[in-house]
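> Before I ask anything, here is the structure I am working with.
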Amino acid sequence: MADTYEKWVATSFSTDFRAAAERVEEPLPDLGPHDVLVRNRYAGVNATDVNITAGRYTPGVRPPIDLGAEAVGIVEATGAKVRHLQPGDAVATNTLGGGYRTHHVVRASQAVPIPEASPEALSIMVSGLTASIALEEVGGLSTDETVLVTAAAGGTGQYAVQLAKQAGNHVVGTCGTDAKAALLDDLGCDRPINYRTEDVATVLSDEYPDGVDLVYEGVGGTLFDTCVQALARHGRLLSIGYVSEYRDGPSPVQAPRIYTQLLQKSAAIHGFFLPHFAEHFADHMQRLMKRQQTGTLQVAIDETVFEGLATVPDAVEYLHSGESRGKVVVRFPE
């Protein structure tokens, strides 16, 4: 077993991941009695990685800060008091700074056992959990409703489309290419909207004049405004992110306050941040993994290969290019 490991850290705060990040090598930390040492096999790439390099998740903390979030890997060693895990077990982890590194020392309670260390399990760990918990625990996912998913062919949108459809709803999904629209067709989306060739607001007003009951929204900006306008009476909007404004920050707007639109429809907007719902992780993870293993849940992994720790900045920039289809993953050699 190696004595050192490599990782990416932010040495300055910036939404330019490549400019902020530096690859470093450090000694492996000592293993506490309740810890496990995990060799990462796959790390998930997220739009919010640029929020981490900007220090938005670590207020008051100065650089360097560790980068990445979710990963799956193999347990290499366990602390003296760890009983439920042993070397060779596959686990998933989701800790701030725990993704973009070759090895990770983490509390055993934060390492979730999985059948195998695969890209699919990695995708479910954050992207799948976000969709499942947000829709069911916060959004009141029901049946026979119209559900709108923005960035629907992305890492988490793909899950929201399938879960909403399998619950018995009519699903509308926005995307930016014909290839992504084809993926949405494959996932069961009833009405893909390519926003580069169709106007989203026009499609919603013309084809859904009674409005949309539930929105799973992660783009922000003017698309968020369009979604609010499209809400039906008693409609609910889940705001899970605002990727369009991560790099430059939220833009100021000159508009009537949001309650003028919500009150007239008895509508609601709910913010959703996955770490606030840790009590639901195990249940939803188990159900999603079972669906994936039985073939009732497709997990789209982007086909672009990013191999090795050195490719992390390339992977982050690729995700922000808008060209990805499904979950973007960095693979580490065995």
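> Could you calculate the FRET efficiency of Lys290 with Gln86 from 1/(1 + (r/R0)^6), where r is the beta carbon distance between them and R0 is 35 Å, rounded to 0.05?
That gives a FRET efficiency of 0.90.
> Let me ask something else about it. Give the separation of the Cα centroids, the stretch 93-110 to the stretch 11-36, in Å.
Going from one Cα centre to the other spans 10 Å.
> To continue, here is another question. May I ask you to sort His104, His276 by Cβ crowding, counting other Cβ atoms within 10 Å and putting the fewest first? Walk me through the numbers before you get to the answer.
Working: His104 28, His276 11.
Taking fewest neighbouring Cβ atoms as first place, the list is His276, His104.
> A follow-up question, please. Set the Förster distance to 22 Å, then compute FRET efficiency between His270 and Ala167 from the Cβ-Cβ distance, nearest 0.05.
Calculated transfer efficiency: 0.80.
> Neighbouring Cβ atoms within 10 Å as the yardstick, rank Arg291, Arg191, Arg18 fewest first.
In increasing order of surrounding Cβ atoms, one gets Arg18, Arg191, Arg291.
> Sticking with this one: With charges set only on the Cβ (+1 for Lys and Arg, -1 for Asp and Glu), what does the dipole of the chain come to about its Cα centre, in debye to the nearest 20?
Dipole of the chain, to the nearest 20 debye: 660 debye.
> What's the extension gain from Glu22 to Ser109 if we count 0.36 nm per residue and subtract their Cα-Cα distance? Numbers along the way, then the final one.
Numbers: separation 87, 0.36 × 87 = 31.32 nm, distance 2.93 nm.
Gain on stretching Glu22 to Ser109: 28.4 nm.
> Any idea what the dipole of the stretch 125-275 comes to, in debye rounded to 20, about its Cα centre with Lys/Arg Cβ at +1 and Asp/Glu Cβ at -1?
Result for the stretch 125-275 is approximately 380 debye, rounded to the nearest 20.
> Once you have the alpha carbon radius of gyration of the stretch 125-275, what is it after dividing by 2.2 N^0.38 Å, with N set to its residue count? Display every interim value, and only then the final one.
Details: Rg = 14.2 Å, N = 151, 2.2 N^0.38 = 14.8 Å.
Expressed relative to 2.2 N^0.38 Å, the Cα Rg reads 0.96.
> If you fit an axis through the alpha-carbon atoms of helix 157-166 and take the longest principal axis of the Cα set of the chain, what angle between them do you get, 0 to 90°, nearest 10?
The two axes meet at around 60 degrees.
> Next up: Among the listed pairs Lys180/Lys327; Lys165/Lys327; Lys165/Lys290; Lys165/Lys265, give every one whose C-alpha distance is greater than 22 Å.
Exceeds cut-off: Lys165/Lys265.
> How much net charge surrounds Thr197 when only the other residues with a Cβ under 12 Å from the Cβ of Thr197 are counted, with Lys and Arg +1 and Asp and Glu -1?
So the environment of Thr197 carries a net charge of -1.
> Related question: If each residue of separation counts as 0.36 nm, what is the full-extension length gain between Asp190 and Glu136 once their alpha-carbon separation is subtracted?
Length difference between fully extended and current span is 17.4 nm.
> Hey, fewest Cβ within 10 Å first, where do Leu96, Leu309 land in order?
If I rank by nearby Cβ atoms, fewest first, I get Leu96, Leu309.
> How high is the relative contact order of the stretch 98-212, given as a whole-number percent (alpha carbon pairs under 8 Å, six or more residues apart)?
Dividing the mean separation by the residue count of the stretch 98-212 yields 19 percent.
> Turning to a different aspect of this structure: Taking the simple approach of a point 7 Å from Cα along Cα-to-Cβ for both Asp283 and Asp225, what is their distance in nm?
If labels sit at Asp283 and Asp225, their model points lie 3.9 nm apart.
> Taking the Cβ of Val149 as the center, what net charge do the other residues with Cβ under 14 Å away carry, scoring Lys and Arg +1 and Asp and Glu -1?
Result for the neighbourhood of Val149: -1.
> Which whole-angstrom value gives the distance between the alpha carbon centres of the stretch 289-309 and the stretch 163-185?
Computed from Cα coordinates, the inter-centre distance equals 17 Å.
> Net charge near His280, counting Lys/Arg +1 and Asp/Glu -1 over other residues with Cβ under 14 Å of its Cβ?
Taking every Cβ under 14 Å from that of His280, the sum is -3.
> In the chain, how does Rg compare with the Kirkwood Rh, expressed as the Rg/Rh ratio over alpha carbon atoms?
Expressed as Rg/Rh, it is 0.98.
Rule-based calculations on the coordinates, nothing more; no lab input. Here the structure is a predicted model, which is why all the values come from computation and not from measurement. Please note: Cβ atoms are built from the backbone with ideal geometry, for glycine as well, and neighbour counts cover all protein chains shown.
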